[in-house]
2 protein chains.
Amino acid sequence: MNDGSDDADSRDRLPLRTDLTPIVEAVAAADADAFVTVGDRFDDDLRYLTRFSGPDRAYALVIVPADDAGGRAVCCAPSLFREQAEREFVASARSRSADDGGFHDGVAREVRTERVGNHAGERAAAVIRDLLGGEDSEPTLLVPPSIPHDAAVYLERAGNALASTNAVARARARKTDAEIDRLRRVQCAAVAGMARAETMLAESEVVEVESVEDTDTERRPALRWEGAPLTTERLRRAVNATLADRGVRDAGDTAIGAGPSAADLHYVGDDPIRPGETVLIDISPRGPDGYRGDLTRTFVVDGDGGWERRAYLAVESAREAALAEIEPGVPTKTVHGEAAAELAAYGFDPNAGEGEAGFTHGAGHGVGVSLHESPSLSGAGELRPGHVVTVEPGVYDPDVGGVRLGDLVVVTEDGYEVLAEYPFGIVPNERE
Amino acid sequence: MNDGSDDADSRDRLPLRTDLTPIVEAVAAADADAFVTVGDRFDDDLRYLTRFSGPDRAYALVIVPADDAGGRAVCCAPSLFREQAEREFVASARSRSADDGGFHDGVAREVRTERVGNHAGERAAAVIRDLLGGEDSEPTLLVPPSIPHDAAVYLERAGNALASTNAVARARARKTDAEIDRLRRVQCAAVAGMARAETMLAESEVVEVESVEDTDTERRPALRWEGAPLTTERLRRAVNATLADRGVRDAGDTAIGAGPSAADLHYVGDDPIRPGETVLIDISPRGPDGYRGDLTRTFVVDGDGGWERRAYLAVESAREAALAEIEPGVPTKTVHGEAAAELAAYGFDPNAGEGEAGFTHGAGHGVGVSLHESPSLSGAGELRPGHVVTVEPGVYDPDVGGVRLGDLVVVTEDGYEVLAEYPFGIVPNERE
C-alpha cells in the first residue's frame with residue numbers, strides 16, 4: 001500500500017493552472033461584456049479560477065475578453081494579500097518550463113489592491129469601468145448565481161446588467177491531469193488515515209465495562225486500545241493527526257460512527273465502540289491546493305455474521321455493479337441505478353427515505369475543489385473523461401448501524417481508474 | 001502550562017445556545033415581518049444562529065416574531081441532514097437542567113425538510129408564506145447583506161421586499177460565557193501546538209548544508225531535527241497533528257514563515273529554517289463548535305542580537321502598551337494607536353504600506369465563529385465586556401523577516417483576561 005507520506009508535498013508536481021478560455025468563451029457566447037465573481041476564501045469557484053487561497057473577506061475577479069482572443073483577468077485583493085495573490089494568481093499561471101505543455105490561455109492576469117470603496121463589489125465595478133473604457137452604456141456581466149447579494153447590488157447600481165452563468169461549474173467538472181494528480185495525492189493521505197483507523201481497530205481488545213442504560217447499570221463488552229476505551233472521537237483524532245502529518249487537513253469532514261450512529265451520515269459525536277457493531281469511517285481531507293479526497297470503509301470487530309455481514313456483501317456487490325458501468329457516454333443515473341438494483345436484490349430498500357432502513361442517498365458525486373460538485377451519479381447527464389466521482393453505495397438501519405464503501409474514481413477514455421486503492425474486508429487488519 | 005489535552009472535549013461544558021432575541025427585536029425595530037438568511041456550512045452567521053454545522057450546499061433560516069414576544073424559527077435543511085439539524089438546532093437549544101440558567105428566548109425552533117423547489121431561497125419563500133399566513137401583500141424581510149444573490153432574487157420574485165440588517169454581526173460581537181469557554185478551549189489547543197513547535201526548535205541542531213544561491217553552491221548553516229532538515233512545512237505538519245490530537249482542526253490557518261517568508265503574513269510554503277532567522281508561527285485552529293483560536297509567537301535559534309532582537313523588544317513593548325488600554329469604554333482605535341506609538345518609539349514605521357518595512361497591519365481583530373469579526377482594533381467603536389479580540393502587534397522587513405506576538409483576550413467588566421497564556425522569549429525552550 002502506498003503510505004502517501006510525501007504525496008501532499010508541493011514539489012515536483014504538474015503545474016496547476018486554470019484555463020480561463022471557457023469563461024472568456026461564455027462571455028462571448030452570451031454577447032456579454034465581462035465575467036465577474038465576488039466571494040471569500042471559502043468560495044470554491046474563486047479558488048478554482050484564481051488558485052488564490054485568499055482572505056476570509058470578500059474579494060473579486062473580473063475577466064474581460066480581448067477583441068481577437070484571450071483577454072484580461074484582474075483579481076481585486078486586499079492589500080495585505082498582494083504578495084500572496086501575485087504568487088498564487090499571476091506567477092503560478094506563467095509557463096515555467098518546456099514540461100508545462102506550453103500552457104497559455106492568452107489571458108493576461110494582474111492583481112489590483114487599490115481601495116475603491118469599502119466593498120469588493122465596488123472595486124469590481126471600478127475595474128470594469130476601467131477595462132471596458134466606458135464604451136458601453138450598460139455593460140452586461142455574467143455572474144455565478146450565488147454571488148453575494150450586496151456585491152450584485154453594487155454592480156447594478158454602477159450601471160451594469162447582470163446575467164447568471166453556470167460556465168464555472170461546467171469548467172470544473174472535467175479535470176486536467178494536474179487536477180487528477182492533486183486529487184490522487186490527497187486520496188493517498190486519506191488512505192494513510194484509513195490505515196491508521198483500521199490498525200487501531202485490529203489492535204483493540206474486547207473488555208467488559210460498566211454501562212448505564214436508562215437507570216440500570218450493567219456490564220457490556222466494549223473495545224479498548226492502548227489502555228483506554230476506544231471511542232469514535234479517539235479514532236477521529238488519530239485519523240486527523242495522520243492526515244496532518246501528511247500535510248493535508250481533515251476539513252471537519254472525518255465522520256466516524258459506531259452502531260446506530262453509523263447510520264447517521266455526518267456523525268461527529270463521541271460514542272464507545274462495541275464488538276459486533278459496524279464502525280463506519282468516512283475520510284474527506286483537503287490538500288494544500290484545495291483539492292479533496294473521499295474514502296469510506298466499514299469494519300466490525302468480533303461480528304456475529306448477522307445484519308452487518310449481509311449488508312457488507314450487498315454493498316460490495318453494489319459497488320462492483322456501479323463500477324462496471326463507468327465509462328464515457330454512460331448516463332450518470334445508470335451508475336446509481338445499478339447500485340440500487342443490486343442492493344434491492346439483497347433485500348434492502350433501494351429508495352429509503354430519511355430515517356428509514358435501506359439505501360438513503362445517491363451512489364456518488366463529483367469531487368474537486370469542492371467535496372460535492374458535478375456530476376452527481378443520481379442527477380442528469382453523462383459521464384465524460386476527466387470526471388472524478390465517488391462510488392459509495394451504502395445501506396443503513398437506524399436501530400442497528402450502517403455499511404458504506406466509498407472510493408474516488410476518474411473516468412478515463414475507455415473506463416475508469418480508482419485513485420489510491422484501499423483494501424476491503426469487514427474484519428479489520430493491521431495496515432501500518 | 002495547561003496541555004489542553006481534554007479541552008476540546010464535548011462533555012461537561014456550558015451549553016452553547018444562541019439567544020435569538022436580538023434578531024426578533026431587529027425585525028420589530030425595522031417594522032419588518034421576518035428575518036431570513038441563506039448560506040452553506042461556511043456561512044458563519046448561519047453557524048452562529050443555528051449551531052447547525054450544516055451541509056456544503058445552501059440552506060435557509062427563517063425567523064418570524066410572535067405578536068407578543070418570542071417567535072418561530074424554521075431551519076430549512078436538506079432531508080439527509082434532518083437528524084443532524086434536529087440535534088444541533090432544536091435539541092441543543094432546549095434547557096437541559098437547572099444549571100442552564102433557565103435559557104429561554106421564547107423562540108420555538110423547528111426543522112423542515114420538504115422539497116419546495118430546488119433552491120433554498122424558494123424553500124424559505126414557502127416557509128415565509130406559511131408562517132405569515134398571507135396577511136401582508138408584500139412582506140418586508142431583513143437579510144444579511146451578503147446573502148446569495150439567487151436566494152435574494154427568489155425571495156423578491158415571491159413578492160417579498162428585502163432590507164439589509166447588520167443585527168447578526170452586532171449580536172456576534174459580544175460573547176456569552178459559553179462562547180468564551182469554547183474560545184478558551186480552542187486557544188488551549190493552540191497553546192499545545194505552539195509548545196510542540198517551540199520544543200522542536202529548541203531540540204534542533206545547527207548543521208552546515210549545501211545551499212544553491214543563483215548558480216553558486218555553498219555550504220550554509222541550517223536547522224536539523226530528528227535526523228532531517230527542519231523546514232516550515234515540517235513544523236506546520238507537527239503543529240497540525242498536535243491540534244488534531246486535541247480534537248480541533250488547523251483550518252488551513254497555520255502560517256509559519258522563516259526569515260523573509262516570516263514577513264509574509266499568510267505564508268504556507270516550505271522553507272528551510274536557518275539559525276539567526278525569525279521563525280514566525282501563527283496558529284488559528286477551529287474547534288468542534290466552530291469557535292476559533294489565534295496565537296502567534298516568534299523565535300530565533302542562535303540569533304546574533306541584531307534586527308530581530310530589537311524587533312522582538314519593540315513588539316513585546318507594543319503588546320504591553322496595547323493591553324494596558326483594554327477595558328470597557330475605550331475606543332478600539334486607542335489600542336491600535338498605543339501599539340503603533342510604541343513601535344514608532346523603537347524606530348519602526350507604524351504606518352508601513354504593503355511590502356514596506358514596519359507595522360503593516362492592525363493591532364488586532366475580533367474572534368468568534370469567524371477568525372476575523374467585530375470589533376477591529378483599528379476600526380471605529382468602543383470596547384465592551386464580552387468582546388474577544390486578538391492583540392498582535394508585529395514588525396516586518398521583507399528582506400530580513402518578521403516578529404509578531406499575538407494572544408486572545410476577552411474584555412471583562414474592568415479590564416481584560418488573556419485566554420490560555422503562553423510564555424514569551426525569543427530563544428526557544430522545551431515546553432513539552
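If you put +1 on each Lys and Arg Cβ and -1 on each Asp and Glu Cβ, how big is the dipole of the range B:238-390 around its Cα centre, in Debye rounded to 20?
So the magnitude is around 340 debye.
Which whole number gives the average count of other chain Cβ atoms within 10 Å of the Cβ atoms across peptide A:238-245?
Taking all residues of A:238-245 together, the mean is 6.
Got a sec? Which residues in the range B:313-336 would a label at B:Glu413 touch, if it sits 7 Å along Cα→Cβ and we count backbone N under 14 Å?
B:328
Give me a single rounded figure for B:357-364: the average over its residues of other chain Cβ atoms within 10 Å of their Cβ.
Taking the mean over all residues of the peptide, I get 1.
Using a Gaussian network model of chain A with C-alpha springs under 10 Å, which one of A:Leu280, A:Leu14, A:Leu371 is most mobile by mean-square fluctuation?
Fluctuation is largest for A:Leu14.
Specify whether the C-alpha gyration tensor of the range B:197-331 places it in the rounded, prolate or oblate class, a ≥ b ≥ c being the square roots of the eigenvalues: rounded for a/c under 1.5, otherwise prolate if a/b is larger than b/c and oblate if not.
Oblate, since a/c reaches 1.5 and b/c is not below a/b.
Using a 10 Å cut-off on Cβ to Cβ distances, tally the other chain neighbours for every residue of B:257-264 and report the average as a whole number.
The mean count of partner-chain Cβ atoms within 10 Å per residue comes to 1.
Over all pairs of distinct alpha carbons, what does the Kirkwood formula give as the hydrodynamic radius of the range A:21-172, in Å?
15.4
Taking the Cα atoms only, what angle lies between the long axis of helix A:177-203 and the longest principal axis of chain A, rounded to 10 degrees?
The angle comes out at about 20 degrees.
Could you size up the charge dipole of chain B around its Cα centre, putting +1 on the beta carbon of Lys and Arg and -1 on that of Asp and Glu, and report it in debye to the nearest 20?
Using Cβ point charges on Lys, Arg, Asp and Glu, chain B gives about 1320 debye.
Mind listing P(r) for chain B? All alpha-carbon pairs, 10 Å bins, whole percents.
Taking every Cα pair in chain B, the percentages come to 5, 20, 26, 22, 16, 9, 3, 0, 0.
Which of these, A:Val212, A:Val248, A:Val127, has the largest mean-square fluctuation under a Gaussian network model of chain A (Cα springs below 10 Å)?
Maximum fluctuation in the GNM of chain A, among the listed residues, is at A:Val212.
Between A:Ser211, A:Ser164, A:Ser146, where does the largest GNM mean-square fluctuation fall for chain A, given springs only between Cα atoms within less than 10 Å?
The residue with the greatest mean-square fluctuation here is A:Ser211.
Which net charge results when you count Lys and Arg as +1 and Asp and Glu as -1 among the other residues whose beta-carbon is under 12 Å from that of A:Pro350?
-4
Assign one of three labels to the protein assembly as shown, namely rounded, prolate or oblate, based on the Cα gyration tensor with a ≥ b ≥ c the square roots of its eigenvalues; rounded applies when a/c is under 1.5, prolate when it is not and a/b is larger than b/c, and oblate otherwise.
rounded
Would you mind checking the tilt of helix A:307-325 against the longest principal axis of the Cα atoms of chain A, expressed as 0 to 90 degrees and rounded to 10?
40
Here, each number is a calculation from the coordinates, and none is a lab measurement. Computed from a prediction, not measured in an experiment: that's the story for all the values here. Cβ coordinates were reconstructed from backbone atoms using ideal geometry, including for glycine residues, and neighbour counts include every protein chain displayed.
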